[in-house]
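The values are calculated or read from the model by the stated rules, or taken from the named source; none is laboratory data. A quick note: this is a predicted structure, and the numbers were derived from the prediction, not measured. Quick reminder, even Gly has a Cβ in these numbers, built from the backbone with ideal geometry, and neighbours come from all protein chains shown.
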Amino acid sequence: MARYARVKGSIALITLTNPPVNALSAAVRRGIVESVSRALKDEQVKAVVFCGENEKFCGGADIKEFSGSMSGPPLVPMIHSIEAGEKPMVAAIEGVALGGGLELALGCHYRVANTKARLGLPEVTLGLLPAAGGTQRLPRLIGIPAALELITTGRHVSAQEALQLGIVDQVAQGSAVQAAMELALSVIGVCVCMLCVYVVCVCIYCVCVTGQPLNPRRLSLRAPVWAPDVDGVCDAALAQVKQRSRGAMAPVACVQAVRAAAMLPYSKGMERERQLMDTLFRSGQARAMQYAFFAQRNAGKWSLPNGSQWNNTRARDVQRAGVIGLGTMGRGIAVSLVKAGISVVAIEMDAKQLESGKKAVTAMLQRDAQRRGVSPPLHLLTFTLSFHQLRDVDLVIEAVFEDMNLKKRVFSDLCKVLRANALICTNTSGLNVDELAAVTDRQPLVVGMHFFAPAHVMKLLEVVYGSRSSPEAVATAMALGKRMEKVCVAVGNCSGFVGNRMLKLYLDQSVYMLEEGATPEQVDQALEEFGFAMGIFKVSDLSGLDVGWRVRKASGLIGPDVDPVKPSRWRLGRRYCPLPDMLCQQGRFGQKTGRGWYLYDSPGSKEAKSDPEIQTFLEDYRRKYGIIPRRITSQEVIERCAFALANEGFRILEDRIAASPEDIDVIYLFGYGWPRHRGGPMFYAGQVGLSVVLEKLEHYHRVHPDVPSLEPSRLLRRLVAEGSPPIQQWKSHIKNLRSHL
């Protein structure tokens with residue numbers, strides 16, 4: 001709803017009230033329309049100020065309405081009526097003005113923001129565009145280039161940047177509502193200076209202006225602020241968003257809408273905006289991105305795969321934490337903790353490693369502070385070689401090398417110095433959390449906190465609960481992750497947990513296709529056209545091929561009795577491809593050595609170039625082992641990679657490792673670069689059609705009977721047998737399946 005009040009005698013204050021962010025629901029829109037009509041009819045009202053309840057202006061449209069039939073007054077005519085009003089309309093922006101909230105403010109004649117406010121048009125992140133005049137009014141206010149950048153990225157801006165761009169007219173240190181009312185009084189000719197005697201006056205202390213004309217403030221009547229070469233600017237923006245978005249429709253449509261603002265009269269531009277929005281709104285990409293939005297929000301309302309609802313469990317307050325190991329992961333974890341305001345005791349095993357880690361962590365914090373214009377919180381850091389300095393910490397995160405015996409020694413040593421109630425967390429990417437907990441004197445206080453590299457940048461955190469992990473320990477890890485601004489998902493304990501368990505099969509399919517006739521370039525190109533920022537072989541080069549090589553050695557896939565140069569087709573119960581091991585034997589570890597699946601100008605260089613030696617290497621391998629190469633299409637690459645991921649996701653749901661398909665999709669969206677406009681591997685499977693996925697997996701399993709992971713899961717078969725219900729209904733089918741196991 002919208003609350004109406006007359007203040008200061010001549011100002012109508014319209015307050016949006018729809019917690020938590022005053023979204024523009026049908027009831028709110030109806031309240032605005034009624035309040036504006038009332039204000040325009042009231043002869044004593046000379047100006048109108050819009051604000052939001054609880055110091056939040058408006059977070060935009062009510063996204064829940066997108067899935068049903070829209071009711072209530074349409075947003076576009078409502079904003080047009082505000083702009084056309086014959087009384088000054090002022091937006092008092094506190095907290096946020098996002099999406100439709102900013103479009104509402106752009107319909108007002110003046111805008112005042114509090115210093116802490118954030119503004120933006122993030123519709124593109126939901127697969128849409130600002131369709132209430134945002135693509136037409138903003139270019140007329142701040143110019144084509146600036147509007148293109150904000151609209152195509154969905155970036156939020158601070159109040160100060162909004163002032164510099166010209167989005168707002170004034171930034172208030174205190175109440176934006178009070179400042180907006182003072183601005184409104186000055187516009188209508190009421191002096192707000194207490195030293196002035198007359199209602200309309202000019203004195204040495206202030207200038208009061210009577211009856212400011214409103215037409216220059218109506219953005220729909222303005223011509224766009226032209227760029228010197230508007231065609232060139234729009235063409236360059238289109239090329240940039242096509243490269244960046246990798247198949248996403250919304251950023252391209254945003255450029256087309258802004259181009260219409262530059263080339264067409266306002267009314268024609270609005271019609272073009274509506275047409276583009278209609279196309280996007282009906283698209284599968286918009287449904288995928290809105291699904292991803294809600295999946296991310298629901299991941300914070302966590303439950304465990306065994307059905308336990310632990311959201312009401314109270315988390316401990318963590319003020320002081322320890323980090324063991326200052327390699328790549330430990331450094332990022334330490335930085336994330338310090339940025340969250342937590343004191344950190346960072347430990348390394350020898351002085352040289354400690355000094356190297358100290359320099360790296362300090363430099364990262366200094367760069368971050370410089371970018372944000374604040375002082376680096378280095379006072380929160382303690383670097384030491386001694387475990388004894390961990391005596392007073394609330395929680396420890398172990399981030400040493402991925403070796404079970406090493407981690408067990410660390411856990412055992414920690415129990416000798418930590419307080420009895422201190423939590424011990426492991427950053428393992430796939431080792432057994434129960435096995436680690438078993439060496440401690442506090443198994444209920446042991447959980448996994450699987451960060452993703454670089455830990456201070458990547459948003460995902462898998463919180464892994466063991467068979468004896470307490471609700472309090474899991475709740476504390478989840479709350480700590482949220483405080484570190486991570487997207488946290490609670491998962492069960494198994495080899496690789498959720499993300500890496502699925503990733504192994506994705507990697508397997510990729511290298512199997514190299515054996516069968518593909519090249520790294522062909523596989524990567526197909527994946528990048530699908531929407532991944534980087535193909536799997538470029539990612540492998542970036543991460544380092546030697547990382548997986550060490551893991552395979554530790555698992556027994558490679559050892560003294562197994563020569564990777566003489567591959568068997570079956571190892572440890574599955575088809576095995578030794579191509580990555582053979583590259584590592586040649587010292588080709590990826591970017592770090594200047595050679596991997598691709599060639600790089602120098603060690604550490606990032607530009608991947610095709611390497612003729614790899615083509616020869618693959619041809620020699622196939623010839624030696626009698627493999628007849630065949631043509632592999634982009635469609636096969638996507639089907640084998642994406643459907644293998646989803647199939648293992650179904651098995652993970654069967655095994656109660658993940659609580660929901662949404663949790664799996666959040667993990668892949670935020671940890672593995674799955675394209676957001678595809679929703680996630682589980683959503684994508686549902687969008688393609690579960691019967692289609694089942695048919696394709698059955699086909700590939702017939703062709704490759706030595707790949708057990710291609711055999712369709714029981715849950716997938718059951719869902720197809722029951723009519724392929726939408727993803728929101730899978731939970732009940734999972735429950736039924738488990739009851740028959």
Given the condition in a loop (DSSP other than H, G, I, E, B), without any contact (Cβ under 8 Å) to a residue 60 or more places away in the chain and surrounded by 13 or more Cβ atoms within 10 Å (Cβ to Cβ), answer yes or no: does some residue in the range 724-737 qualify? yes
Scan the range 405-430 for residues that are in contact (Cβ under 8 Å) with a residue 60 or more places away in the chain and either among the acidic types (Asp, Glu) or surrounded by fewer than 17 Cβ atoms within 10 Å (Cβ to Cβ) (or both) and jot them down. none
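Just to check your reading of the model, which residue among MET289, MET270 is more than 22 Å from the chain's Cα centre (by Cα) and not assigned by TED's automatic domain parsing to the domain that holds TYR684? Break it down stepwise before answering.
Working: MET289 fails: more than 22 Å from the chain's Cα centre (by Cα).
Result: MET270 is the single residue among MET289, MET270 that is more than 22 Å from the chain's Cα centre (by Cα) and not assigned by TED's automatic domain parsing to the domain that holds TYR684.
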Mind listing just one residue for me: the one in the range 82-137 that is basic (Lys, Arg) and part of a loop (DSSP other than H, G, I, E, B) and, of those, nearest to ARG678 (Cα to Cα)? LYS116
Can you tell me how many residues within the range 523-554 are of a type in the set (S, T, N, Q) and crowded, with 19+ Cβ neighbours inside 10 Å? 1
State all residues of the range 9-24 that are out of contact with any Asp or Glu (no Cβ under 9 Å at 6 or more places or on another chain) and in a loop (DSSP other than H, G, I, E, B); if no residue qualifies, say none. GLY9, SER10, PRO20, VAL21
For the range 431-450, what are the residues that are out of contact with any helix residue (DSSP H, G or I) (no Cβ under 6 Å at 6 or more places or on another chain) and either in contact (Cβ under 8 Å) with a residue 40 or more places away in the chain or farther than 15 Å from PHE497 by Cβ (or both)? ASN432, VAL433, ASP434, ALA438, ARG442, PRO444, HIS450
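Conditions tested, residue by residue: (1) within 15 Å of ILE347 (Cα to Cα); (2) out of contact with any helix residue (DSSP H, G or I) (no Cβ under 7 Å at 6 or more places or on another chain); (3) of a type in the set (S, T, N, Q).
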{"residue": "GLN366", "(1), (2), (3)": "no, yes, yes"}
{"residue": "HIS379", "(1), (2), (3)": "no, yes, no"}
{"residue": "GLU398", "(1), (2), (3)": "yes, no, no"}
{"residue": "ASN405", "(1), (2), (3)": "no, yes, yes"}
Do you know which residues across the range 25-49 are in contact (Cβ under 8 Å) with a residue 60 or more places away in the chain and either in a strand (DSSP E or B) or in contact with a Cys (Cβ under 9 Å, 6 or more places away or on another chain) (or both)? ALA47, VAL48, VAL49
Number of the exception - THR328 against (1) buried (at least 16 other Cβ atoms within 10 Å of the Cβ); (2) over 26 Å from ALA61 (Cα atoms); (3) within 26 Å of the chain's Cα centre (by Cα); (4) in contact (Cβ under 8 Å) with a residue 60 or more places away in the chain: (1)
What pairs come out if I take residues in the range 626-655 that are closer than 13 Å to PRO712 by Cα and pair them with residues that are exposed (fewer than 15 other Cβ atoms within 10 Å of the Cβ) whose C-beta lies under 7 Å away, six or more apart or interchain? GLU654/ARG714
Residue tally, condition out of contact with any strand residue (DSSP E or B) (no Cβ under 6 Å at 6 or more places or on another chain) and surrounded by 22 or more Cβ atoms within 10 Å (Cβ to Cβ), over the range 29-55: 2
For SER37, are the conditions met, namely being out of contact with any helix residue (DSSP H, G or I) (no Cβ under 7 Å at 6 or more places or on another chain) and within 22 Å of ALA131 (Cα to Cα)? no
Residues of the range 692-713 satisfying the condition of being in a loop (DSSP other than H, G, I, E, B) and modelled with pLDDT of 95 or more: GLU711, PRO712, SER713
Picking from GLU355, GLU402, the residue that is within 28 Å of ARG552 (Cβ to Cβ), surrounded by 13 or more Cβ atoms within 10 Å (Cβ to Cβ) and among the charged types (D, E, K, R) would be GLU402
Condition broken by GLY232, with the remaining ones in (1) more than 30 Å from the chain's Cα centre (by Cα); (2) at pLDDT below 95; (3) under 25 Å from LYS64 (Cα atoms) satisfied: (3)
Could you grab me the full set of residues in the range 17-28 that are under 17 Å from SER81 (Cα atoms) and surrounded by 18 or more Cβ atoms within 10 Å (Cβ to Cβ)? LEU24, VAL28
